[in-house]
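The values are calculated or read from the model by the stated rules, or taken from the named source; none is laboratory data. Here the structure is a predicted model, which is why all the values come from computation and not from measurement. Here Cβ is always computed from backbone atoms with ideal geometry, including for glycine, and neighbour counts include all displayed protein chains. Just so you know, the surface numbers come from the protein's heavy atoms only, side chains and all, with ligands and any DNA or RNA stripped out. Shrake-Rupley method; radii C 1.70, N 1.55, O 1.52, S 1.80 Å.
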Amino acid sequence: MTDGVIYGVPQNANSVLRIHPQDGVTLHGEFEDKWHGASVASDGTSVCVPSDADSVLCVQPPVVRSDYNNISNNDGKVETSKSNANQDDIQKDRENAIYRSGIATLRSSAHRVKYAPKNRKHDPQPRNKEGKLTKTPWLPPEIRKEEVFSFDGEMFDLVGAVRNLLRCCDSEIVGKFRDSDTPEQLLEDFVVPVPSTWRSVNGGQCESAQKYLSDQVAQNEDLLNMFDRLVQEAILPHLKKRLVSVGAVSDDEDSVTFYYQRPPTLRLQPGPGWASVKAHNDAEYGHQNGELNFWLPLTDFSKNNIHLWCESDYSVGDYHTIPAKVNQAVSFHGSSCRHYVNSNITQYTRMSLDFRVGVQGFFDPRWQMRGTTDDLGRKEFML
């Protein structure tokens, strides 16, 4: 027990159990490993003893300050250390939080792909244009390096397309704008229903809300057409130039095939809330090293103070923000580099679109770990 809150150690479960007198019962995290028993440290951290895990699990009381620093310990686990945050401000933020579940975002992809070595029947086997094995499942290091680049927001008006999509959604499931009479509502002023951020086991509707939003995105032709144009006319040509510059592909027309995720994932992070998206890399969820992540913010980070945090290379732990504005795209190698977003302590919602692109010769479109499920479709495009 810590500060009147009871935590359950995941010995025969996949999540940490939290029992709070006011907030009720919530589940936090998703783990394959198991722990047995715990001891509470002087700072309130519950240190869980490994059962079949290769490291301890540290469970800390939730904080919602944006001026907390995330650091990585030697085991690669992410823990939170306090800076000079004022304790009164921390308590005030906790009291003002409306979204108190362990789920930070409502997203349009409800897939759950979990890594397990036993499911790895074989490694990905990428092939070139002639169908020959390349034996190069990793993108070149120059391509894996993060980059921010701009695109024409008037030509590719993703904000407008998402705004129109949200107007058509059920307000009891996805939410509504604060001022419904304003023609140009700001995405930052979109309010997500609190039950849509709680799992059904806790009396919420998170799973059904994710499924509903996924269906709405998949069926919205205006958004998908805008997305296809952006990817095919701006993002993939930019990526091909980078690949050509390092000698990874030829500059000839139709020299390379890309496999891009379609539909993209739409994420809504309302506030004020406690939860953040935990640090992870996408290989933990079955994604390949021959694909590149793209993250497109749809809201102004100066309002909600939400950033994409990422490490520069595999397991180095040098987390840093990648500031990106609306009408900009961030590319980074999410399969190897751990990344996360911080908690939203403001009243302004954070929204973003993200997707992955596989590159022919580095990506195997036929590969999937046994026993996993994935609702992310791929579209092929030759350039």
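Among the residues of the range 213-223, is there at least one that is open to solvent by less than 60 Å² (accessible area, probe 1.4 Å) and free of Cβ contacts under 8 Å to residues at least 24 places away in the same chain? Yes, the range 213-223 has at least one match. Pairing each residue of the range 32-60 that is under 9 Å from residue 9 (Cα atoms) and modelled with pLDDT of 75 or more with any residue that is open to solvent by 70 Å² or more (accessible area, probe 1.4 Å) and among the small types (Gly, Ala, Ser), provided the two are 6+ apart or on different chains, yields C-beta distances under 7 Å for 34/51; 35/51; 36/51. For the range 343-355, residues that are open to solvent by 10 Å² or more (accessible area, probe 1.4 Å) and within 11 Å of the chain's Cα centre (by Cα) total 1.
Quick one: in the range 267-321, which of the residues that are among the hydroxyl-bearing types (Ser, Thr, Tyr) and closer than 17 Å to residue 105 by Cβ is modelled with the lowest pLDDT? Restricting to residues being among the hydroxyl-bearing types (Ser, Thr, Tyr) and closer than 17 Å to residue 105 by Cβ, the top hit is 285. Among the residues that make up the range 9-19, is at least one of them open to solvent by 20 Å² or more (accessible area, probe 1.4 Å), in a strand (DSSP E or B), modelled with pLDDT of 55 or more and among the charged types (D, E, K, R)? No, every residue in the range 9-19 fails to be open to solvent by 20 Å² or more (accessible area, probe 1.4 Å), in a strand (DSSP E or B), modelled with pLDDT of 55 or more and among the charged types (D, E, K, R). When the residues of the range 276-291 are filtered to those that are part of a helix (DSSP H, G or I) and open to solvent by 20 Å² or more (accessible area, probe 1.4 Å), the one that is nearest to residue 217 (Cα to Cα) is 285. Of the residues making up the range 148-179, just one is of a type in the set (Val, Ile, Thr), in contact with a Ser or Thr (Cβ under 9 Å, 6 or more places away or on another chain) and assigned to a helix (DSSP H, G or I), namely 159. When you scan the range 112-127, do you find a residue that is at pLDDT below 95, touching a Leu at 6+ places or on another chain (Cβ under 8 Å) and surrounded by 18 or more Cβ atoms within 10 Å (Cβ to Cβ), even just one? Yes, some residue in the range 112-127 is at pLDDT below 95, touching a Leu at 6+ places or on another chain (Cβ under 8 Å) and surrounded by 18 or more Cβ atoms within 10 Å (Cβ to Cβ). The single condition among (1) closer than 30 Å to residue 383 by Cβ; (2) modelled with pLDDT under 95; (3) among the acidic types (Asp, Glu) that residue 184 does not meet is (1).
Using the structure shown, decide if residue 24 is open to solvent by less than 60 Å² (accessible area, probe 1.4 Å), touching a helix residue (DSSP H, G or I) at 6+ places or on another chain (Cβ under 7 Å), modelled with pLDDT under 85 and farther than 14 Å from residue 59 by Cα. For residue 24, the condition - open to solvent by less than 60 Å² (accessible area, probe 1.4 Å), touching a helix residue (DSSP H, G or I) at 6+ places or on another chain (Cβ under 7 Å), modelled with pLDDT under 85 and farther than 14 Å from residue 59 by Cα - is met.
Residue 294 passes every criterion in (1) assigned to a strand (DSSP E or B); (2) open to solvent by 10 Å² or more (accessible area, probe 1.4 Å) apart from (2). Of all residues in the range 199-246, count the ones that are at pLDDT 95 or above and outside any helix (DSSP H, G or I). Of the residues in the range 199-246, 2 are at pLDDT 95 or above and outside any helix (DSSP H, G or I).
Within the range 186-198, identify whether any single residue is part of a helix (DSSP H, G or I), charged (D, E, K, R) and without any contact (Cβ under 8 Å) to a residue 40 or more places away in the chain, and answer yes or no.
Checked against the condition, which is being part of a helix (DSSP H, G or I), charged (D, E, K, R) and without any contact (Cβ under 8 Å) to a residue 40 or more places away in the chain, the range 186-198 yields no hits at all.
Which residues, taken from the range 247-275, are assigned to a loop (DSSP other than H, G, I, E, B) and either closer than 28 Å to residue 224 by Cα or charged (D, E, K, R) (or both)? If the condition is that a residue be assigned to a loop (DSSP other than H, G, I, E, B) and either closer than 28 Å to residue 224 by Cα or charged (D, E, K, R) (or both), then 249, 251, 252, 253, 254, 255, 256, 262, 263, 264, 270, 271 are the ones that fit.
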